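A.B. asks: Structure below; questions to follow.
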Amino acid sequence: MTDKKQNPLDINGPNFSPNMYLDKLFKESNLKQIMDHENEVIKDTQTLHSDMQTLVYENYNKFISATDTIRKMKTDFKKMETEMDLLASNMSSITSFSDQINSTLHDTREKINKLSGVHTLLQKLQFLFKLPTTLKSRMEEKNYIQATQDYLHAQRVLQQYGDMPSFQGIKSDCESILTELKTELRKQFANPNASAKDLAESVDLLLQLEEPPKELCLEFLSCAEKRLSEQLVMLKDQSEQRDIIEFVDLGCSGFLSDLCLVVASFHDMFINRVNIENVESSDIFENFAAVELDSFVKQNMEKYFNLVQSKVDSEQDVGDTSTLVQALDKFYRRTELITLCKDVDFANYATDIVINAGRKQCKAHLQILKMHFADMITKVRQTLTTPKLITQDDSSKNLSELLNSLIMTIVEKIKGVLQDLVVFIQPDIHFAQKSQFKDSFCVDNVREGLIVCFMHHFTATARSFCSKGAADPKIPPTLLLLLSKLCLDFRNGSVRFLLSQTDELFNIYPKYNAALTNENEINNTMQESAQELLNYYVRIQALNCSQMLRKSVETRDWLHTIEPRTVRAVMKRVVEDISAIDATVALLYEDQGNVTEHSSDSSRKAHSISVSKHQYRSNWSSYTPNHLDSALVSNMHRLFSERIEIFSSVEFSKVSILTGIIKISLKTFMECVRLKTFSKYGLQQIQVDTHYLQLYLWRFVADENLVHFLLDEILSSAVHRCLEPALMEPSVVDIICERG
C-alpha cells in the first residue's frame with residue numbers, strides 16, 4: 001500500500017509525475033495506443049468534472065443553511081450572556097439575605113431542638129406506659145405482627161431500665177403477654193388450615209422474639225410429621241375403596257403436595273433466611289436444618305413408597321394391566337419432578353417400584369399360563385378317557401383336532417399375554433423410555449422370565465408324565481403320544497414364532513446379547529422331551545401287550561393242554577390292540593424315510609409255509625434233546641450277534657413306534673416261554689400262536705425279518721422246554737390260523 005502511494009507512475013497517487021508517465025507511455029506504446037489512451041484520459045476527465053459539478057450543486061443549499069444557523073447562534077448567545085449576568089447578581093443577593101436570617105434565628109432553633117427532644121422522650125414514655133394495654137389489644141385482634149413490632153420497639157428500653165421500680169410492673173406485664181404471644185404463634189405449626197405464608201410469618205416473628213432456631217426447626221418438623229402421618233393413614237384407608245389411578249391421584253394431590261409445601265416452607269423459614277446473629281452460627285444452623293429436613297423427607301417418602309408398593313401388589317391380582325400402567329406412569333412422572341433432597345433421587349425408588357410391578361405382572365401372567373396349560377392337559381385327559389373316543393372313527397376324528405387345538409390355544413394365549421404386557425413400553429409411557437426399566441422388563445422379565453420359563457415349564461410338565469409309575473392307569477397312553485407330538489411341533493415352528501414375536505414387540509435383539517436363551521436351546525429341550533415321551537409311550541403300550549402275553553403264558557397249564565384247534569383269543573387281542581395303536585399313531589406320526597417293502601400276503605404265507613416245512617418238520621420233529629440244546633444255543637448266539645436292541649430310542653415315525661412296541665412284547669413273550677415246561681400239544685399251541693402273530697405283525701415293522709426272528713426264537717424256546725417235541729405240519733397250522 002505504501003509503495004503504491006509513492007509510485008510516481010500511479011496517476012491516482014499523490015506523487016504522480018506527468019513527465020515520467022508520458023516518457024514511459026511514449027517508449028512502450030505505438031501511436032494508435034497513445035491516441036486511444038488519450039481518449040480514455042479525456043473521457044475520465046470529463047466524467048470527474050461532471051461528478052464534481054453534481055456534488056457542488058447538491059451541497060450548495062446545505063452550505064447556505066449552515067451559514068444562516070451560525071449567524072443566528074451568534075445573536076442568541078449575546079442575549080444569553082446578559083441573562084446569566086443578571087442571574088448571578090440575584091444569587092449573590094439571596095446568599096447575603098440567607099446568612100442574615102440564619103444568624104438571627106440561631107438561638108430560636110436551639111430552643112426548638114431542645115423542646116423537640118423533650119417531646120420525643122415524653123412520647124416514648126407514654127408509649128412505654130401504654131405498652132401492656134397495647135399488646136393486649138393486639139392479641140385480642142390477633143394482630144401478632146404489630147404486637148411483635150410494638151414489643152421490639154420498646155425491648156431495648158425495658159432491658160436497660162426494666163429493673164427500675166417504675167418499670168418493673170410494665171416489664172412483668174409485657175413478658176406475660178409475650179409468653180402468650182409465643183404460644184399463639186406456635187399453635188400455627190399444628191393448624192392444618194394454616195397457609196405457608198402464615199407459617200412463615202409465625203416463624204419469622206418467633207425468631208425476632210429470639211426463640212432458639214433449632215428448637216423451632218424441630219417443632220415445625222414434628223407438627224408437619226403429624227399432618228403427613230394423618231395423610232398417609234387416610235391414604236391407606238382409601239386404598240381398598242379406590243382403584244389404583246384414584247389412589248395415585250389422591251397421593252399426588254394430597255401427601256406429595258403437602259410434603260413439597262412443607263419442604264418449601266422449611267427452606268424459606270430456616271435455610272434461606274439470613275441469621276440475625278452472625279455468619280458462623282448461621283452456617284452451623286443451616287447445616288443442622290438441612291440434615292434434619294433430609295431425614296424428615298426420607299422417612300416420609302419411604303412410608304409413602306411402601307404404601308404405593310402395597311397398593312400395586314394388591315392391584316396386580318385384580319386389576320387390568322392398562323390401568324396399572326397408567327397409574328404407575330402418573331406416579332413416576334410426579335415422583336420424578338420431586339427434588340426434595342440433594343443426595344437422594346427419588347425417581348430411582350419410583351423406578352424400582354415400577355420394575356418390581358412389571359416383574360410381578362410377568363410372574364402373574366406366568367402363573368396364569370401354567371394354570372391354563374394344566375387345565376388344557378386335564379381337559380385333554382378327560383377327552384381321551386370319554387367313551388366317544390373308544391371307537392376308531394371318533395379317535396381318528398378328534399386326536400388331530402386336539403393337537404391343533406392345543407397348539408393354537410397355547411400360542412394365542414401367549415400372544416394375548418404379550419399384547420397385554422406391551423402396554424408397559426408404549427411411547428407415551430414416561431418410565432418406558434428409561435433404559436434401566438426397559439432392559440430389565442423386556443429382557444429379564446418378559447422374554448426370559450415369562451416366555452422362556454413357560455417353555456421350560458411346558459417341557460417339565462410333559463416330562464412329569466414319564467416319571468410316574470409304569471402301571472399308573474390314570475395316564476392315557478394316547479396322552480403321552482399327543483404330548484410328544486405337541487413338543488415336536490413346538491420345536492418345528494412355534495418356538496421360533498413365539499420368540500420372534502416377543503423380540504419384535506419388545507425390541508429385543510438376541511444376536512447382540514449372548515446371555516439370552518437362544519432358540520436352539522429351547523428346541524433341544526423340546527426335542528428331548530418329545531423323545532422321552534415317545535419312548536415312554538412305547539414302553540407303556542408294550543407293557544400292556546406284554547402283560548396280556550405274560551398272563552396267557554403263566555396262567556395256562558401247558559402240560560395238560562389239549563390238541564390245538566384254534567388260535568388263542570389273547571393273540572387276537574394283541575393283534576387288535578397293535579392295529580388300534582397303529583391307527584392312533586398314524587393320526588400324528590407319518591412314516592419317514594425309506595421303509596423296507598413288505599411281501600404280499602400270499603408270498604408271506606408261502607414263505608411261512610416253506611420256512612416251517614424246512615425248519616420244523618424237517619428238523620424239529622427229529623431232534624434229540626442234545627440236538628435241541630445245540631440248536632437253542634445257536635439261536636441264542638444269533639440273537640446276541642444280531643444285537644437286537646429291545647429298549648432302544650424310538651424315531652419319530654409310525655413304523656419305528658410300532659416296531660418298538662412289538663419288539664418289547666415279543667421279547668416278553670419269549671422270556672415267559674423260557675420259564676415254562678410244555679407238553680406236545682402245548683408246544684403245538686405255541687406254534688399256532690406264533691404263526692398267527694407272524695401272519696399279522698410283520699406289516700407293522702420296518703424289517704419283517706425282525707418279527708420272523710423273534711417268533712422263531714419263541715418257538716425254539718418252547719421246543720427246548722417241551723418234554724416230547726413234535727411240531728404240527730405247516731399246512732395244518734395255516735388252516736387253524738385261517739379258521740381262527
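The values are calculated or read from the model by the stated rules, or taken from the named source; none is laboratory data. Quick caveat: nothing in here was measured; it's all calculated off a predicted structure. Using ideal geometry, Cβ is built from the backbone for each residue, glycine included, and neighbour counts are taken over all protein chains shown. Accessible surface areas use protein heavy atoms only, side chains included; no ligands, DNA or RNA. Shrake-Rupley method; radii C 1.70, N 1.55, O 1.52, S 1.80 Å.
A.B. asks: Trypsin sites (Lys or Arg not before Pro) within the stretch 322-356: which are DSSP loop residues with at most 12 other Cβ atoms inside 10 Å?
C.D. replies: Values: sites: LYS330, ARG333, ARG334, LYS342; in loops: LYS342.
For trypsin sites (Lys or Arg not before Pro) across the stretch 322-356 that sit outside H, G, I, E and B with at most 12 neighbouring Cβ atoms in 10 Å, the list reads LYS342.
A.B. asks: Next up: What's the ranking of 717-727, 658-668 by average number of surrounding C-beta atoms within 10 Å, highest first?
C.D. replies: Details: 717-727: 20.5, 658-668: 23.5.
Output ranking for 717-727, 658-668: 658-668, 717-727.
A.B. asks: Test of the criteria: in the stretch 500-582, which trypsin sites (Lys or Arg not before Pro) are in a DSSP loop and have at most 14 other Cβ atoms within 10 angstrom of their Cβ? Mind dumping the intermediate values first?
C.D. replies: Values: sites: LYS511, ARG539, ARG550, LYS551, ARG556, ARG565, ARG568, LYS572, ARG573; in loops: ARG556, ARG565, ARG568.
Of the trypsin sites (Lys or Arg not before Pro), the ones in loops of the stretch 500-582 whose Cβ has at most 14 other Cβ atoms within 10 Å are ARG565.
A.B. asks: OK, next. Rounded to the nearest whole Å², what accessible area per residue is found for the stretch 334-386 with the 1.4 Å probe? Before the final figure, lay out the partial values.
C.D. replies: Numbers: 2690 Å² over 53 residues.
Computed with neighbouring chains in place, this is 51 Å² per residue.
A.B. asks: Distance in nm between label sites at ASP85 and PHE16, each 7 Å beyond Cα in the beta-carbon direction?
C.D. replies: Inter-label distance under the simple model: 5.6 nm.
A.B. asks: Do any of LYS236/LYS413; LYS474/LYS551; LYS379/LYS667; LYS214/LYS236; LYS474/LYS676; LYS187/LYS311 go past 27 Å between their Cα atoms, and which?
C.D. replies: Values: LYS236/LYS413 36 Å; LYS474/LYS551 22 Å; LYS379/LYS667 36 Å; LYS214/LYS236 32 Å; LYS474/LYS676 33 Å; LYS187/LYS311 35 Å.
Long pairs (Cα-Cα over 27 Å): LYS236/LYS413; LYS379/LYS667; LYS214/LYS236; LYS474/LYS676; LYS187/LYS311.
A.B. asks: Just the number, please: carbon plus sulfur as a percent of the accessible area of the stretch 1-106, 1.4 Å probe, no ligands or DNA/RNA counted.
C.D. replies: On the way: 5860 of 9800 Å².
Answer for the stretch 1-106: carbon and sulfur cover 60 percent of the accessible area.
A.B. asks: I would also like to ask the following. Starting from 0.36 nm per residue, how many nanometres of slack lie between VAL291 and GLU401 once their C-alpha separation is accounted for? Intermediate results must be reported in sequence, preceding the final value.
C.D. replies: Details: separation 110, 0.36 × 110 = 39.60 nm, distance 7.04 nm.
Extending this stretch completely gives an extra 32.6 nm.
A.B. asks: A follow-up question, please. Whole-Hz Karplus ³J(HN,Hα) for the stretch 721-727, in order, using 6.51 cos²θ - 1.76 cosθ + 1.60 and θ = phi - 60°, x for Gly and Pro?
C.D. replies: 8, 8, 6, 9, x, 8, 8
A.B. asks: From the square roots a ≥ b ≥ c of the eigenvalues of the alpha-carbon gyration tensor of the stretch 1-106, which class results: rounded (a/c under 1.5), prolate (a/b over b/c), or oblate? Working shown, then result.
C.D. replies: Working: a/c = 8.88, a/b = 3.51, b/c = 2.53.
Prolate, since a/c reaches 1.5 and a/b exceeds b/c.
A.B. asks: Simple spin-label model, 7 Å along Cα-to-Cβ: ARG242 to GLN53 in nm?
C.D. replies: 9.5 nm
A.B. asks: If each Cα of the stretch 357-537 is one equal point scatterer, what is log10 of I(q)/I(0) from the Debye formula at q = 0.14, 0.19 Å⁻¹?
C.D. replies: For the stretch 357-537 at q = 0.14, 0.19 Å⁻¹, log10 I(q)/I(0) is -0.78, -1.25.
A.B. asks: For PHE678, enumerate residues with amide H under 5 Å from its amide H, sequence gap 5+ or separate chain, H modeled in the peptide plane.
C.D. replies: CYS722, LEU723
A.B. asks: Is there a quick way to get the dipole size of the stretch 357-537? I mean about its Cα centre, with the Cβ of Lys and Arg at +1 and of Asp and Glu at -1; what is the value in debye to the nearest 20?
C.D. replies: On the way: 20 positive and 18 negative charges, 75 e Å.
In total the dipole reaches around 360 debye.
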